[in-house]
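These notes are about the structure you will find just below.
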Number of protein chains: 2
Amino acid sequence: MIDIRQMRYFVALAETLHFGRAAERLRMSQPPLSRQIASLEAELGVRLLERHSRQASLTFAGQRFLEDCRTTIAAFDQACENARMADRGELGELSIGFMMSSAYTVLPALARRFTAKHPRVALRLRELLPPDLEEAVKSGRFDAGIMFDVGGVGGLEARVIHREALCLAAPSDHPLALKVEIAPEDLGGVPLIIAPAETTPSLREAITGFCRRGGFEPTARLEAQLQQTIVSLVSEGLGVAVTPSSMRKLGVANVVYRDLVDAPQIEHVVAWRPANLNPALRLFLAEAGAG
Amino acid sequence: MIDIRQMRYFVALAETLHFGRAAERLRMSQPPLSRQIASLEAELGVRLLERHSRQASLTFAGQRFLEDCRTTIAAFDQACENARMADRGELGELSIGFMMSSAYTVLPALARRFTAKHPRVALRLRELLPPDLEEAVKSGRFDAGIMFDVGGVGGLEARVIHREALCLAAPSDHPLALKVEIAPEDLGGVPLIIAPAETTPSLREAITGFCRRGGFEPTARLEAQLQQTIVSLVSEGLGVAVTPSSMRKLGVANVVYRDLVDAPQIEHVVAWRPANLNPALRLFLAEAGAG
DNA sequence: CGATCATGATGCCGATAAGGTATGGATGCG
DNA sequence: CGCATCCATACCTTATCGGCATCATGATCG
């Protein structure tokens, strides 16, 4: 049966048109090369070279075969190389789900670093609501997810890759806007716009913890899942919210942000299934500082 | 060394995910397949399959390698098939030079038939003036030329593939336009527009032969190389011409065509170098009826 | 014009690799 | 716990490959 080795022999021969020198280049002696070429021609049923006494020349079929051999060999070598790259995680796809909040913090720089370092990994980024995200990573639809800490929930491994302080977002004409820094007790009795506990439990917990330092439980005036939505509702004067500092970047009109006294921090984590075998995931985790 | 056979083995295995059944499909027993795959993995340095007790599964690298193997194998098989086709002349290029006159007669149908029958031969058609054409075929710049008979000139083989009668082309207000049929003696003393003898010797010979039957030598009023140019000069009233009947198709205004008594015929031949090894040439000659 | 050289083909041998059969080891199932 | 399934391993036989020596052929040169 014809194989790729015979193609390599033929290419060397076609490039030198000389059995002896081709054999030398192939680090073999001339007789086996002659035989391999003869067997190649026999199996193809096609004469590839005209042997003249001075030097050989390619037939028309041989010229065509030479071109095709070059592309075939290139495809072959590329296939092997690609397998090795894919094994190292440097070639392939990596799908990352993330919550909107991460798009304002860790994600942009991380994605930029990763694609710069591993240009042949197609990074598929998709934003999801936090609860869907956790489910999607667990089910394997995403290789990893970037979200607020999920509290070590079942099946997923997670590492903190970013921390940010919470702050107060208030309408600019709100009384709290007059203060430079907000203490827990300042929020006593002030209804908050807040994300539901199911959506972002760790954020809820951080807010609750802050309020408790003021001796009260937070009361929700409105609930919305996305922090952007919450800030937007604040800008409409519907209430105040405790939200990650990165929301300041939004630049929504009529909203002022105020630091909290001993501000609680919220953690962004990258979470993945330990059973996930995508080699690119390891590289991504390393890049995220979650090795 | 990795070879194409191992790729075929791997594809069969990847498609069944079962060593036993893959081996069966490959008409071999299971142990050598196991070993070939193991050796493939070892040489790549990449694990391609996860072996579970129930059934195997592809790793990420294996999935990638599967795709690449398929394209590589396809390229490989195509290369072999192309060599065979090129050898039969059914794949490749064929360059044909032709004189303008043939574009009105043999060439269109011949080119149509040939490309229909051998769609993968790229037919390069190019018109040339007859003297250039002969030279171009001799030098190998064209695989074949279609021209008026060159009288068995050195080095080229030629076969007649078309014959056509000559006719008289005259301005519509010329006295000869009144006659239904032109006898040789009718042209006595009438100056002709004619192609130079170097350009188309056989045409010149035919015209001379016709005139001699009337007992005189033709006199040239004007010379032009292309028959179309000659007919065009006729239409401008600059004289009459003896020209191939196919020129009637030109539809030039103010020109009438008249049959000649016992009209001499001019032969279109296909000419080629006997040493030309382009296999497609044989198919072309066969199609031209010049086998 | 014959000797010589260059080049590819052929004969033969040892090493390597491939495939076959028999069997072992691990895992899941009744 | 025994059995069935499935892949890996051991061992043997055969095929293939590459090396060395040599031959056949055609060009080159004295």
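The values are calculated or read from the model by the stated rules, or taken from the named source; none is laboratory data. Remember, predicted model here, so these are calculated numbers, not experimental data. With ideal geometry, Cβ positions are generated from the backbone for all residues, glycine too; neighbour counts draw on all protein chains shown. Just so you know, the surface numbers come from the protein's heavy atoms only, side chains and all, with ligands and any DNA or RNA stripped out. Shrake-Rupley method; radii C 1.70, N 1.55, O 1.52, S 1.80 Å.
Summary of values
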{"read-out": "Antiparallel content of DSSP bridges confined to region A:1-140, in %, to 5", "value": "20"}
{"read-out": "B:L260 long-range amide H proximity, modeled H, under 5 Å", "value": "B:L168, B:I182"}
{"read-out": "Accessible area of the protein assembly as shown belonging to carbon and sulfur atoms, whole % at 1.4 Å probe", "value": "50"}
{"read-out": "FRET E, pair B:D77, A:E185, Förster distance 60 Å, beta-carbon r, rounded to 0.05", "value": "0.15"}
{"read-out": "Chain pair B, A: total accessible area buried, heavy atoms, 1.4 Å probe, Å²", "value": "2500"}
{"read-out": "Gained length - B:R27 relative to B:H52, 0.36 nm times residue gap less alpha-carbon distance", "value": "6.6 nm"}
{"read-out": "Residue-level accessible surface for A:M28, protein heavy atoms, 1.4 Å, Å²", "value": "50"}
{"read-out": "At 7 Å out from Cα toward Cβ: A:T115 inter-copy label distances (nm, ascending)", "value": "4.4"}
{"read-out": "Cα-only radius of gyration and Dmax that characterise region B:4-88, units Å", "value": "14.2, 51"}
{"read-out": "Charge tally in the Cβ shell below 14 Å around A:L238, where Lys, Arg are +1 and Asp, Glu are -1, A:L238 excluded", "value": "-2"}
{"read-out": "Cβ-based net charge around A:I182, under 11 Å, with every Lys or Arg adding one and every Asp or Glu removing one", "value": "-3"}
{"read-out": "Residue-level accessible surface for B:T105, protein heavy atoms, 1.4 Å, Å²", "value": "30"}
{"read-out": "For A:L125, distant residues with modelled amide H under 5 Å away", "value": "A:I96"}
{"read-out": "Kirkwood hydrodynamic radius of region B:161-267, Cα pairs, Å", "value": "13.4"}
{"read-out": "GNM flexibility winner over chain A from A:R212, A:R112, A:R47 (Cα, springs under 10 Å)", "value": "A:R47"}
{"read-out": "Shielding of A:54-66 by partner chains, average beta-carbon count, 10 Å", "value": "4"}
{"read-out": "For region B:252-261, 3J(HN,Hα) per residue [Karplus equation, 6.51 cos²θ - 1.76 cosθ + 1.60, θ = phi - 60°, Hz, x = Gly/Pro]", "value": "7, 5, 6, 10, 10, 10, 10, 5, 9, 5"}
{"read-out": "Over chain B: helical MRE at 222 nm, DSSP H runs n ≥ 4 each giving -39500 (n - 2.57), nearest 500", "value": "-13000 deg cm²/dmol"}
{"read-out": "About the Cα centre, charge dipole magnitude for the protein assembly as shown (Lys/Arg +1, Asp/Glu -1 at Cβ), debye", "value": "1480"}
{"read-out": "Spatially proximal lysines relative to A:K249 (Cα-Cα < 28 Å; intrachain offsets below 8 disregarded)", "value": "A:K117, A:K179"}
{"read-out": "For B:39-48, mean number of other protein chain Cβ atoms within 10 Å", "value": "3"}
{"read-out": "Kyte-Doolittle mean at least -1.0 and Cα axial length at least 24 Å: DSSP H helices in chain B", "value": "B:60-88"}
{"read-out": "Residue-normalised accessible area of region A:155-291, given per residue in Å² at a 1.4 Å probe", "value": "44"}
{"read-out": "Mean Cα-pair separation over length for chain B, i.e. relative contact order, pairs under 8 Å, 6 or more apart, %", "value": "21"}
{"read-out": "Cα-based equivalent ellipsoid, chain B: semi-axes from gyration tensor eigenvalues, Å", "value": "68, 17, 14"}
{"read-out": "Of the GluC sites (Glu not before Pro) in region A:153-206, those whose Cβ has at most 12 other Cβ within 10 Å and which sit in DSSP loop", "value": "A:E198"}
{"read-out": "Spread of Cα-to-Cα distances over 10 Å intervals beginning at zero, given as percent, for the protein assembly as shown", "value": "3, 13, 13, 12, 10, 10, 10, 10, 9, 6, 3, 1, 0, 0"}
{"read-out": "Extension gain from B:L250 to B:R113, taking 0.36 nm per residue of separation minus the Cα-Cα distance", "value": "47.0 nm"}
{"read-out": "Separation between Cα centres of region A:45-93 and region B:88-102, rounded to whole Å", "value": "29"}
{"read-out": "Teacher prompt: A:R282 distances to equivalent labels in other copies, 7 Å Cα→Cβ, nm", "value": "5.8"}
